[in-house]
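One structure is given here, and the rest of the page talks about it.
Taken together, the values in this text are just the output of simple stated rules run on the coordinates, not laboratory data. Please read these numbers as outputs of a predicted model, since none were measured by experiment. Methodologically, a virtual Cβ is constructed for each residue, glycine included, from the backbone with ideal geometry; neighbour enumeration extends over all protein chains shown.
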């Protein structure tokens, strides 16, 4: 049975500018971005520091070993690199001379390759996934999961890339073959019409969590295929247009959820610990 968030969720912080993204860094901070390009470093006690701005609109973010942020910025149609000191540069914005359209979410593998979803245009089914090699050179990884390509995460053993297709609506996965090329796309979860999935995260037991832009809800999909609603907020008071989610804290046992329709990052516990993320050293 779904848990109503007032029973165990609370704002980690408030006063953010409609945060789409949330990530837990190797330095023990929560990172989030705003719709005017703000980058926030948030302590676990809720203290907020805006330490940089891209001047665009921040979507998904990933961290490397030195707590540099890699930010999908739709204002610049690029992936921006932001240092802990606040320096902002373009990390990658094109592939084979073709510029990105809607860079939406990014995730590192252990070797420092950054997988980036480009959602394309609404209702055009023209999304794709790029792989950016360390240093910033992008290549097309796959255009199979193309129905508004959105949130992503690597599977527990790193052999599959899990992908939200928001306008499918559902979650698919793409094998990462030994030669690094993409295998054949597979459906994982298909949601009913009216559900708009957005973010993904795995726990240490192999359960896959999907946050939804609509309704304000988080699903859990077990390794055996059972789909449950874990968190549901029909009021929109605790969760408001939920987008990205991330496990964090010293034991990875807190779930942090960004709320594009609000000004806060929600936090709570659901009796699960997150799967460890990759924080590679990137030159």
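Before moving on, here are some points about what is shown:
- Using only the C-alpha atoms, the convex hull of the range 5-92 corresponds to 89 Å³ per residue.
- The distance from the alpha carbon centre of the range 1-80 to that of the range 118-189 is 22 Å, rounded to a whole number.
- Shape category assigned to the range 209-283 from the gyration tensor of Cα positions, a/c cut at 1.5: oblate
- For the range 130-174, dividing the convex hull volume of the Cα atoms by the residue count gives 75 Å³ per residue.
- Derived from the Cα gyration tensor, the three semi-axes of the equivalent ellipsoid of the range 20-176 are 24, 17, 15 Å, largest first.
- Efficiency of FRET from Cβ geometry, residue 87 and residue 178, R₀ 30 Å, rounded to 0.05: 0.25
- Using a Förster distance of 30 Å, the FRET efficiency for residue 47-residue 251 (Cβ separation, nearest 0.05): 0.90
- Stokes-Einstein translational diffusion, the chain - Kirkwood Rh over all Cα pairs, 0.692 mPa s, 37 °C, in µm²/s: 180
- Using C-alpha pairs below 8 Å separated by at least 6 residues, the relative contact order for the range 1-125 is 15 percent.
- Shape call, the range 94-160: gyration tensor on alpha carbons, a/c limit 1.5: oblate
- Highest to lowest packing among 163-173, 34-44, scored as the average C-beta count within 10 Å: 163-173, 34-44
- Residue 109-residue 269 FRET efficiency (beta carbon distance; Förster radius 35 Å; 0.05 resolution): 0.80
- Considering only Cα atoms, the convex hull volume of the range 125-283 works out to 132 Å³ per residue.
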